[in-house]
Amino acid sequence: MGLRKKISVYLVGILAVLALLTLAALRWSSHQKAAELEDLEARADFYRLMVTLQVSTTGLNGTLKSWANRTELYDYFVDRRSRFLENELSAEALAVADVDFLTLMDTSGNLIGMTEVPGANGETPAIEGMQKMSHDYPTHARLFRGASGCGVVKVKTHVAMVCFSPTYNSRGKGPARGFLVIGRWVDGETIRQVSEVTGLTFEIVDLPNEPKTALPQRLSGNIFRPDVVQIAEHQHALELRSPVTNIFGQDIGEIRMHWPRKLDQLVDRSNQITQGVVVALIVVCGVLLMLLLDQLVVRRLNLLREELSQIVDSRRWAGQVSVHGMDELASLARYARELVTIVREQVEDLKNLSQTDALTGLPNRRAFDERLSHILAQHARQKLSAALILMDVDHFKKYNDSYGHPAGDAALQKVAQCLRTSLRRELDLPARVGGEEFAVLLQGVTAEQAFAAAENIRHNLQNLGVVHAANPPVGVMTLSLGVAVVTEGDNVRSIYLRADEALYQAKASGRNQVSQM
Ligand code: GH3
Ligand code: MG
Ligand code: MG
């Protein structure tokens with residue numbers, strides 16, 4: 001797999017994991033936040049509901065006040081005229097005042113009268129409950145004495161809001177003659193009305209066993225205990241519960257509010273948008289990161305790879321390795337360039353070594369043949385004239401025998417030096433083509449010029465005066481030379497043969513001379 005593909009796969013993998021983790025964290029934290037907000041909001045609503053219910057006793061209290069401070073009622077405790085009872089305290093009168101039951105007690109706590117608007121099926125739970133609890137009346141009266149206020153009571157299984165007050169005449173003078181309690185059932189209708197006003201769904205649930213606690217010193221007007229709120233979380237709703245207390249401070253029931261959760265859905269919807277944004281951001285970041293990596297790493301590595309592959313393929317070690325910047329990749333490219341340079345230099349060194357004669361420093365036979373072959377090809381194409389001179393040291397074996405092999409080597413080096421100095425032109429190529437055999441390739445020369453050049457070499461070596469006693473008659477080192485001028489259709493072999501033939505002729509004719517073919 002290519003680097004670009006690998007980076008893409010890893011990047012996509014990493015970004016996908018990152019996206020999933022980010023989204024999960026986002027989801028978790030937003031749901032956490034939503035739950036906190038819902039808790040706060042639901043508690044506020046629950047509190048509002050309790051306040052609304054509490055406030056709904058105010059109206060009842062108004063009704064109570066208008067009754068309790070009526071001189072007629074005040075007088076009724078002394079002279080119980082049935083007419084007043086019928087007109088003002090009858091079930092019809094109560095219904096008109098939106099009151100469900102009414103209780104009158106004297107100051108000693110004796111029940112004087114009780115009226116109740118019968119329920120739909122004719123039941124009168126308040127009367128039945130009061131009759132059952134008749135032995136408690138004096139105690140209640142003691143508690144109620146002088147007290148006024150509102151709260152709730154439970155009669156049998158029914159919860160009622162009640163307001164209580166001593167009775168005075170309308171001038172407010174004189175002692176209280178009795179005590180008045182009026183009540184209204186907290187029934188389905190009450191709950192529906194409050195639900196409508198508050199927009200909240202709730203119910204008041206009866207507690208199965210009414211706790212028996214000692215009667216308090218004071219009556220309590222607090223219907224609810226907002227400090228004791230329990231919240232149960234369901235998937236689509238919260239359920240809030242708080243005890244309902246009666247006027248004696250006893251828990252008689254529970255108010256339960258059903259609060260539909262909306263924030264979770266809102267959060268889900270907003271999460272969807274956020275998810276989209278996060279995914280888009282991650283995709284954009286991923287693409288940018290990929291472009292950046294591509295630009296910073298992959299492209300440069302590919303360029304380096306292409307440049308190196310060109311160099312390797314061409315095997316010339318001459319290609320260019322470009323270096324950009326100062327980072328690790330630039331350093332890698334720089335090392336690659338240096339490596340190529342080192343290889344090129346070593347290859348050139350090896351090439352030179354393989355083409356150079358170690359003793360004399362002249363091109364060897366291989367290099368010379370290559371050059372000759374090249375010149376012959378050029379000659380064929382461009383009709384350029386050229387000539388080959390082959391030369392051989394005369395009686396060199398004897399020289400070795402006389403002066404030793406090292407002296408022979410030194411003499412060969414002198415011959416080579418003599419060749420170099422004799423050839424003035426750039427294009428003339430000397431070489432050592434055998435043990436004591438040398439060659440010169442001349443370009444752009446006529447046969448005469450080639451002969452003259454050979455003669456010049458012969459003359460120069462002789463004049464050098466390398467003593468060679470066994471080479472009579474001159475007694476110095478000499479060369480025999482054969483010259484062959486390149487003609488059409490020549491190849492390396494044919495031109496060598498002719499030059500060699502000429503050399504043989506020179507040897508045969510007495511040595512230290514030039515012969516031409
Ligand atoms: P001719 O005049 O017929 O050429 O006689 P020659 O002795 O020169 O020819 P021959 O071919 O019989 O001998 C060549 C000698 O050159 C033999 C060999 O020892 C010597 N020789 C060849 N290469 C080297 C070398 O590198 N160093 C030394 N010192 N001698 C060499
Ligand atoms: Mg020889
Ligand atoms: Mg020789």
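Quick one: is Arg334 open to solvent by 40 Å² or more (accessible area, probe 1.4 Å) and within 16 Å of ligand 1 (Cβ to nearest atom)? Criteria not met by Arg334. Of the residues examined, Arg432 is not one that is within 16 Å of ligand 2 (Cβ to nearest atom), at positive phi and of a type outside the set (S, T, N, Q). The set of residues from segment 98-150 being aliphatic (A, V, I, L, M), modelled with pLDDT of 90 or more and over 17 Å from Gly178 (Cα atoms) comprises Val99, Val117.
In contact with a Ser or Thr (Cβ under 9 Å, 6 or more places away or on another chain) and farther than 30 Å from Leu301 by Cβ: does that describe Ala35? Considered against the rule, which asks whether it is in contact with a Ser or Thr (Cβ under 9 Å, 6 or more places away or on another chain) and farther than 30 Å from Leu301 by Cβ, Ala35 comes out as no. The condition of being without any contact (Cβ under 8 Å) to a residue 12 or more places away in the chain and among the charged types (D, E, K, R) holds for only one of Arg81, Arg4, Arg27, Arg70, that being Arg81. Condition (residue is without any contact (Cβ under 8 Å) to a residue 60 or more places away in the chain and either surrounded by 17 or more Cβ atoms within 10 Å (Cβ to Cβ) or among the polar types (S, T, N, Q) (or both)) applied to segment 361-372: is it met by at least one residue? Looking through segment 361-372, none of the residues is without any contact (Cβ under 8 Å) to a residue 60 or more places away in the chain and either surrounded by 17 or more Cβ atoms within 10 Å (Cβ to Cβ) or among the polar types (S, T, N, Q) (or both).
Which of the residues that make up segment 182-196 are surrounded by 22 or more Cβ atoms within 10 Å (Cβ to Cβ) and among the basic types (Lys, Arg)? Arg184 - this is the single residue of segment 182-196 that is surrounded by 22 or more Cβ atoms within 10 Å (Cβ to Cβ) and among the basic types (Lys, Arg). Which of the residues belonging to segment 487-506 are part of a helix (DSSP H, G or I) and surrounded by 17 or more Cβ atoms within 10 Å (Cβ to Cβ)? Selection gives Ile495, Tyr496, Arg498, Ala499, Asp500, Ala502, Leu503, Ala506. Being open to solvent by 60 Å² or more (accessible area, probe 1.4 Å), within 16 Å of ligand 2 (Cβ to nearest atom) and acidic (Asp, Glu) holds for only one residue in Glu448, Glu437, and it is Glu437.
You will find that of Leu442, Leu390, Leu419, the residue that is within 15 Å of ligand 3 (Cβ to nearest atom) and buried (at least 19 other Cβ atoms within 10 Å of the Cβ) is Leu390 and no other.
For segment 461-475, filtered to residues that are buried (at least 16 other Cβ atoms within 10 Å of the Cβ) and more than 16 Å from ligand 2 (Cβ to nearest atom), the residue that is nearest to Asn400 (Cα to Cα) is Val466. Listed by first and then second residue, the pairs with beta-carbon distance under 9 Å, at least 6 apart or on different chains, first residue in segment 424-438 and touching a residue at least 12 places away in the same chain (Cβ under 8 Å), second basic (Lys, Arg) and within 12 Å of ligand 1 (Cβ to nearest atom), are Glu436/Lys397; Phe438/Arg432.
Conditions (1) more than 51 Å from the chain's Cα centre (by Cα); (2) free of Cβ contacts under 8 Å to residues at least 40 places away in the same chain, marked per residue:
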residue	(1), (2)
Arg218	yes, no
Asp227	no, yes
Ile255	no, no
Thr274	no, no
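The set of residues in segment 394-446 being more than 7 Å from ligand 1 (Cβ to nearest atom) and charged (D, E, K, R) consists of Asp401, Lys414, Arg420, Arg424, Arg425, Glu426, Asp428, Arg432, Glu437. Among the residues of segment 286-331, write down those that are of a type in the set (A, V, I, L, M), open to solvent by less than 50 Å² (accessible area, probe 1.4 Å) and free of Cβ contacts under 8 Å to residues at least 40 places away in the same chain. Once the filter is applied, which keeps residues that are of a type in the set (A, V, I, L, M), open to solvent by less than 50 Å² (accessible area, probe 1.4 Å) and free of Cβ contacts under 8 Å to residues at least 40 places away in the same chain, segment 286-331 yields Leu304, Ile311, Val321, Val323, Leu329, Ala330.
The values are calculated or read from the model by the stated rules, or taken from the named source; none is laboratory data. These numbers were taken from a predicted model, which means no experiment stands behind them. In this analysis, Cβ positions are derived from the backbone assuming ideal geometry, glycine residues included, and neighbour counts consider all displayed protein chains. SASA here: full protein model, heavy atoms, side chains in, ligands and nucleic acids out. Shrake-Rupley method; radii C 1.70, N 1.55, O 1.52, S 1.80 Å.
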